[in-house]
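Student: Structure incoming, see below.
The values are calculated or read from the model by the stated rules, or taken from the named source; none is laboratory data. Being a predicted model, the structure only gives us computed values, none of them experimental. In this analysis, Cβ positions are derived from the backbone assuming ideal geometry, glycine residues included, and neighbour counts consider all displayed protein chains.
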Amino acid sequence: MLGQMKSEYAPEEQVFYPDLSFSTRANVRDARIYDWAGMDYENYWAEEAKKLHWYQPWNKILEWQSPFAQWFVGGKLNACVNCVDRHLNSWYRNKAAIIFEGEPGDQVVLTYQDLHREVSKFANVLRGLGVAKGDVVTIYMPMIPEAVIAMLACARIGAPHSLVFGGFSAEALRDRIQDAEAKVVVTTDGSWRRGKSIPLKQNVDNALVSCPSVEKVVVVRRTGCDIYMEPNRDVFYHELMKEAPLTCEPEVMDAEDTLFILYTSGTTGKPKGIVHTTGGYLTGVTSTHRNLFDLKEDDIYWCTADIGWITGHSYIVYGPLANGATVFIYEGAPDYPERDRFWELIEKYRVSIFYTAPTAIRLFMKWGESYPQSRDLSSLRLLGSVGEPINPEAWLWYHKHIGGERCPIVDTWWQTETGSVMVAPLPGLTPTKPGSATMSLPGIAADVVNELGEPVKAGESGYLVIKKPWPSMLRTIYKDPQRYVDQYWSRFEGMYFTGDGARRDKDGYIWVLGRVDDVINVSGHRIGTAEVESALVEHPAVAEAAVIGRSHELKGQAVSAFVTLREGIAWAPELEKDLKSYVAKKIGGLARPEEIICTWELPKTRSGKIMRRLLKDIAEGRTLGDTSTLADASVINQLIRQMEA
Ligand code: 6R9
């Protein structure tokens, strides 16, 4: 099969049909679901919403005042109750909700009953610290059960959580705490990464120097590293939990009450707080998780994303737990202590559903198939992919070497903003093509349109849009509704613009091509070029900076920076190193540029706009596109000579 990966191979010609043995047992096996949902998407989603527990039913399914949506108007529910309490009335009470293995090999299993107790206790702790409905709690933690407990505890008392990925720097954390005006921060002393303790609490201390809204910091002991505890502000989780009552009355939430805020990169330097609400979000993630992963009672489900990203929110916590799944959570890196760590864990826990990112798959490919081959992966029955376009080579490798050619591959296109998956195959129904996320899910109206907003013809490329509201859509950008309108709903009349380009093939399949805006996707993580540029120009040596994403074999895209220096500063390898660490310190390791190229002038149009497109061509070694608008063509020639040297 690998032989077919040559350049002449046309991926869209290769089709994989669902296995009969799979499709006859699949949760969704009637193709008419697309027609039903298409004819009446509101009622389709209402039927899905009815599978949740509601204190009070809604009186209107959708209130659409474009582009502001309210779903399940007047309905009352609690997300935590749906993810936890609801399962206590059946044998699920004793079912493992979370199976955790830490990087050092420590293990924790929490049944739904256990989870209920821990979440209730921590919800009481938060209330005891003064957190009330509507107060924001920032969670800055590694992948440990307490992170899930903290999220659900917030949901229980109606306090929106705002997770900040543990790889973000103190400054990035500070910006997100300030914007959300968080009252409490939950963190750990440190987090394990390849045997080392990463100092999370220290980052919190540094961030809090300028975060007056924060009253309390709850610290979970994880690595045992030395930390400073600020009197009257910092408290240990284990101490508070000792005293906490075992039950906690949940807050009855309106369907449209905020469940969480999650920051993501956009086209400007300032990260956007994406707002998700309770009823619609929970409906979207629960329904898609059940259908896409074909979840069965005895599955062991593992999504390798970090809980700090939307994939962790929707498909580690809310979707799976609302469905009563057994969720496996692993704290560490895939190559520690050995490169077969993930396969060892799949073998050990008999994981049956595995959801990961193309960047990880490409890394596994590079390491070679001997690692997965040395383990028993026969428990796997379905594979998922998310975060960036999956190249056909990686798809085929995943299919063969991880899925044993028997597991359907579910490539899921979606975003922080969409809340749940929008474009993906239904594993029992949809024939798949390596590299294509296939088509809109039932009840979702994704399309590929041209500049004018008209659907493109077969074989043409355009912009990926969504033409009808959906329950788990973002409701707004936190404290910035105008930016919500401008960013997503202004490019095409009445359509949500995703920021992605896509192609439609002769069978109507959608092939997502990647971002068409100033967002770089590095290993499935979104980074705004403007964020990196503003970090660079804050450095005293830098006069001007332009940042682009260039293609990268493993990461999908890599951050490539072009800088001009201030008068009197000379370029040196140490300065390049220094600038890279500076960016990592300002934003986080994920934004560290792969290379920084110093030039005496950036290529600009006569009106002074930096021509990033040309920089991208240069960085990717392509022949240059149109250069006629350049103010000074010699800049480009010089850059090309520099890159060749
Ligand atoms: C879920 C998540 C969203 C951006 C999105 C797109 C890219 C995600 C993809 C994919 C092609 C897929 N993306 N999944 N591109 N195929 N299956 O990743 O959310 O971090 O907000 O990123 O990621 O470019 O616009 P988020």
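Student: Only one residue in Glu574, Glu595 is closer than 30 Å to Val204 by Cα, outside the structural domain of Asn391 (by TED's automatic domain parsing), among the acidic types (Asp, Glu) and within 27 Å of the chain's Cα centre (by Cα). Which one?
Tutor: Working: Glu574 fails: within 27 Å of the chain's Cα centre (by Cα).
Sole residue among the options that is closer than 30 Å to Val204 by Cα, outside the structural domain of Asn391 (by TED's automatic domain parsing), among the acidic types (Asp, Glu) and within 27 Å of the chain's Cα centre (by Cα): Glu595.
Student: What about Trp309, is it farther than 20 Å from Gly419 by Cβ, in contact with a Phe, Trp or Tyr (Cβ under 9 Å, 6 or more places away or on another chain) and not hydroxyl-bearing (Ser, Thr, Tyr)? Step through it out loud before you land on a result.
Tutor: Values: farther than 20 Å from Gly419 by Cβ: no; in contact with a Phe, Trp or Tyr (Cβ under 9 Å, 6 or more places away or on another chain): yes; not hydroxyl-bearing (Ser, Thr, Tyr): yes.
Spelling it out, it is not the case that Trp309 is farther than 20 Å from Gly419 by Cβ, in contact with a Phe, Trp or Tyr (Cβ under 9 Å, 6 or more places away or on another chain) and not hydroxyl-bearing (Ser, Thr, Tyr).
Student: Here is a follow-up. (1) under 29 Å from Met39 (Cβ atoms); (2) surrounded by 22 or more Cβ atoms within 10 Å (Cβ to Cβ): which one isn't true of Tyr478, the others all being true?
Tutor: Exception for Tyr478: condition (1).
Student: If you don't mind, another one. Need pairs with beta-carbon distance below 9 Å; first residue part of a strand (DSSP E or B) and within region 119-145, second of a type in the set (S, T, N, Q); sequence gap 6+ or separate chains.
Tutor: These pairs meet every condition: Val137/Ser162; Thr138/Ser162; Thr138/Thr187; Ile139/Ser162; Ile139/Thr187; Tyr140/Thr187; Tyr140/Thr188; Tyr140/Asn203.
Student: Can you say whether Asp306 is farther than 18 Å from Ala437 by Cα, among the acidic types (Asp, Glu) and within 16 Å of the ligand (Cβ to nearest atom), as far as the supplied structure shows?
Tutor: Working: farther than 18 Å from Ala437 by Cα: yes; among the acidic types (Asp, Glu): yes; within 16 Å of the ligand (Cβ to nearest atom): yes.
Yes; evaluated as a whole, the condition is true for this residue.
Let's see how each residue does on (1) assigned by TED's automatic domain parsing to the domain that holds Ala153; (2) at pLDDT 95 or above; (3) surrounded by 15 or more Cβ atoms within 10 Å (Cβ to Cβ); (4) aromatic (Phe, Trp, Tyr):
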site	(1), (2), (3), (4)
Lys50	yes, yes, no, no
Asn59	yes, yes, no, no
Trp64	yes, yes, no, yes
Asn78	yes, yes, yes, no
Cys83	yes, yes, yes, no
Glu101	yes, yes, yes, no
Gln107	yes, yes, no, no
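Student: So how many residues does region 351-383 have that are basic (Lys, Arg) and crowded, with 20+ Cβ neighbours inside 10 Å?
Tutor: Step one: filter region 351-383 for residues basic (Lys, Arg), giving 362, 366, 375, 381.
Narrowing further to those that are crowded, with 20+ Cβ neighbours inside 10 Å: 362, 381.
Of the residues in that region, 2 qualify.
Student: Then there is this: Across region 343-395, what is the number of residues that are closer than 25 Å to Gly105 by Cα, among the aliphatic types (A, V, I, L, M) and within 15 Å of the ligand (Cβ to nearest atom)?
Tutor: So the count comes out to 4.
Student: Are any residues in region 608-626 in a loop (DSSP other than H, G, I, E, B) and either among the acidic types (Asp, Glu) or within 15 Å of Gln638 (Cβ to Cβ) (or both), and if so, which ones? Quick ask: steps written out before the conclusion?
Tutor: First pass over region 608-626, keeping only residues in a loop (DSSP other than H, G, I, E, B): 608-609, 611, 620-626.
Matches in region 608-626: Met611, Glu620, Leu624, Asp626.
Student: Which ones in region 50-89 are under 23 Å from Cys248 (Cα atoms) and either part of a helix (DSSP H, G or I) or acidic (Asp, Glu) (or both)?
Tutor: Selection gives Ala79, Cys80, Val81, Asn82, Cys83, Asp85, Arg86, His87, Leu88, Asn89.
Student: OK, next. With a cut-off of at least 2 residues that are within 21 Å of Phe260 (Cα to Cα) and of a type outside the set (Asp, Glu), name the strands (runs of 3 or more DSSP E) lying wholly within region 160-219. Break it down into steps so the answer makes sense when it comes.
Tutor: Working: elements: 161-163, 184-188, 191-193, 196-198.
Those strands (runs of 3 or more DSSP E) span 161-163, 184-188.
Student: Do any strands (runs of 3 or more DSSP E) lying entirely in region 248-350 carry at least 1 residues that are crowded, with 21+ Cβ neighbours inside 10 Å and not assigned by TED's automatic domain parsing to the domain that holds Val421, and which ones are they? Steps first, please.
Tutor: Working: elements: 258-264, 272-277, 300-303, 326-330.
Those strands (runs of 3 or more DSSP E) do not exist here; none qualify.
Student: Still on this model: So, in region 11-44, of the ones that are polar (S, T, N, Q) and assigned to a helix (DSSP H, G or I), which residue ends up surrounded by the most Cβ atoms within 10 Å (Cβ to Cβ)?
Tutor: Of region 11-44, the ones polar (S, T, N, Q) are 14, 21, 23-24, 27, 43.
The next check asks that each one be assigned to a helix (DSSP H, G or I); those that pass are 21, 23, 43.
Numbers: Ser21: 8, Ser23: 18, Asn43: 13.
Out of the qualifying residues, it is Ser23.
Student: Is it the case that Val456 is β-branched (Val, Ile, Thr) and surrounded by fewer than 21 Cβ atoms within 10 Å (Cβ to Cβ)?
Tutor: So Val456 passes the test.
For every residue, the table says whether it meets (1) surrounded by 22 or more Cβ atoms within 10 Å (Cβ to Cβ); (2) within 11 Å of the ligand (Cβ to nearest atom); (3) outside the structural domain of Thr430 (by TED's automatic domain parsing); (4) more than 18 Å from the chain's Cα centre (by Cα).
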| residue | (1), (2), (3), (4) |
| --- | --- |
| Asp507 | no, no, yes, yes |
| Gly514 | no, yes, yes, no |
| Asp518 | no, no, yes, no |
| Gly528 | yes, no, yes, no |
| Ser534 | no, no, yes, yes |
| Glu538 | no, no, yes, yes |
| Val542 | yes, no, yes, yes |
| Ala545 | yes, no, yes, yes |
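Student: Further question: Output the residues belonging to region 65-101 that are out of contact with any strand residue (DSSP E or B) (no Cβ under 8 Å at 6 or more places or on another chain) and among the hydrophobic types (A, V, I, L, M, F, W, C).
Tutor: Residues of region 65-101 out of contact with any strand residue (DSSP E or B) (no Cβ under 8 Å at 6 or more places or on another chain): 65-66, 80-83, 85-86, 88-92.
Those that are out of contact with any strand residue (DSSP E or B) (no Cβ under 8 Å at 6 or more places or on another chain) and among the hydrophobic types (A, V, I, L, M, F, W, C): Cys80, Val81, Cys83, Leu88, Trp91.
Student: Out of Glu347, Glu297, which single residue is of a type in the set (Asp, Glu) and either within 18 Å of the chain's Cα centre (by Cα) or closer than 26 Å to Arg193 by Cβ (or both)?
Tutor: Working: Glu297 fails: either within 18 Å of the chain's Cα centre (by Cα) or closer than 26 Å to Arg193 by Cβ (or both).
Going through Glu347, Glu297 in turn, the sole match is Glu347.
Student: Give Ile569, Ile597 a once-over and let me know the one that is more than 16 Å from the ligand (Cβ to nearest atom), at pLDDT below 95 and in a strand (DSSP E or B). Working first, answer last.
Tutor: Details: Ile569 fails: in a strand (DSSP E or B).
None of the others qualify; the one that does is Ile597.
Student: Further, regarding this structure: Would you check if Val537 is in a helix (DSSP H, G or I), modelled with pLDDT under 95 and of a type in the set (A, V, I, L, M, F, W, C)? I'd like the intermediate steps shown before the answer.
Tutor: Numbers: in a helix (DSSP H, G or I): yes; modelled with pLDDT under 95: yes; of a type in the set (A, V, I, L, M, F, W, C): yes.
The answer is yes for Val537.
Student: Moving to a separate point now. Run down Glu103, Glu47 and say which single residue is of a type in the set (D, E, K, R) and either free of Cβ contacts under 8 Å to residues at least 60 places away in the same chain or assigned to a helix (DSSP H, G or I) (or both).
Tutor: On the way: Glu103 fails: either free of Cβ contacts under 8 Å to residues at least 60 places away in the same chain or assigned to a helix (DSSP H, G or I) (or both).
None of the others qualify; the one that does is Glu47.
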